[in-house]
Structure formats: structure tokens, C-alpha cells
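Q: Before I ask anything, let me first share the structure, which is written out below as C-alpha cells.
The values are calculated or read from the model by the stated rules, or taken from the named source; none is laboratory data. Predicted, not measured: the structure shown is a model, and the values here were computed from it. Note that each Cβ is placed from the backbone with ideal geometry, even for glycine, and that neighbours are counted across all protein chains shown.
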């Protein structure tokens, strides 16, 4: 599934337009990347945790000249740790519950004013 297909699936599931869903997917990705740049962790309960990890520098071998040693600098890489619900879903322990649209709750009609005691 690519980003466009994900946006379409979200639009179908929650009743948004495809454009609104694309904007939501893009916003989610952008927010996660911003937080990782700030060395923050993004935790989505049940799904997983995104974080940034600095991989230490090391000495490597030049693939074009195996006798030559090269210094590989430290680099920051993204890391994802799967949550329990995601792991269980993949192990077939627990079916994925379908998401329901998050419509605004209906506000009950205002009760009639009581004339008691007037």
C-alpha cells in the first residue's frame, strides 16, 4: 500500500474526501519527522514508537578497494518499535478492530424549562 492508497482507505473508512485524507497523512508524516529532528519520541499507543537513534561511527572497508580502511562517521537514523497490539495482530492473536468514524457526538435537544415554583 502506498501513500495514495492509504489516503483513499482513510477517506473510505471515515467519510472524508480523498484530498482531506491526503492532507491528514501528509500532516502525520510531517509531524513525526519534525519531532524526530527535535530528538523527541512519537508514541502511538498500541501501534508503536518512533524515535531517532545515533549510530556510532566506526571503521569500515572501502568496497572498491578492500585493503583500504575508511572512517564511517556517526549518523542519526530512525527507529521504530512495534507496539503490543501490532505484534498481536501479526501473530493472529487478536483481530484488528475496525475503526469507526469519529463523528461529533450529537448534542441532545435542550430540555424544556420547568415552570415549577414560578
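Q: Residue 40 fails exactly one of the following numbered conditions: (1) more than 19 Å from residue 2 (Cβ to Cβ); (2) not in a loop (DSSP other than H, G, I, E, B). What is the number of that condition?
A: Going through the list (1) more than 19 Å from residue 2 (Cβ to Cβ); (2) not in a loop (DSSP other than H, G, I, E, B), residue 40 breaks only (2).
Q: Next question. Name every residue in region 43-81 that is in contact with a helix residue (DSSP H, G or I) (Cβ under 8 Å, 6 or more places away or on another chain) and part of a strand (DSSP E or B), in order of residue number.
A: Passing the criteria: 48, 50, 51, 52, 78.
Q: List every residue pair whose Cβ atoms lie under 7 Å apart, where the two residues are 6 or more positions apart in sequence or sit on different chains, the first residue falls within region 72-93 and is not assigned by TED's automatic domain parsing to the domain that holds residue 30, and the second residue, located anywhere, is part of a helix (DSSP H, G or I) and surrounded by 10 or more Cβ atoms within 10 Å (Cβ to Cβ).
A: 78/36
Q: For region 10-42, give me the residue count where each residue is more than 19 Å from residue 79 (Cα to Cα), in contact with a helix residue (DSSP H, G or I) (Cβ under 8 Å, 6 or more places away or on another chain) and surrounded by 13 or more Cβ atoms within 10 Å (Cβ to Cβ).
A: Number of matching residues: 10.
Q: Among the residues of region 85-100, are any part of a strand (DSSP E or B) and at pLDDT 65 or above?
A: no
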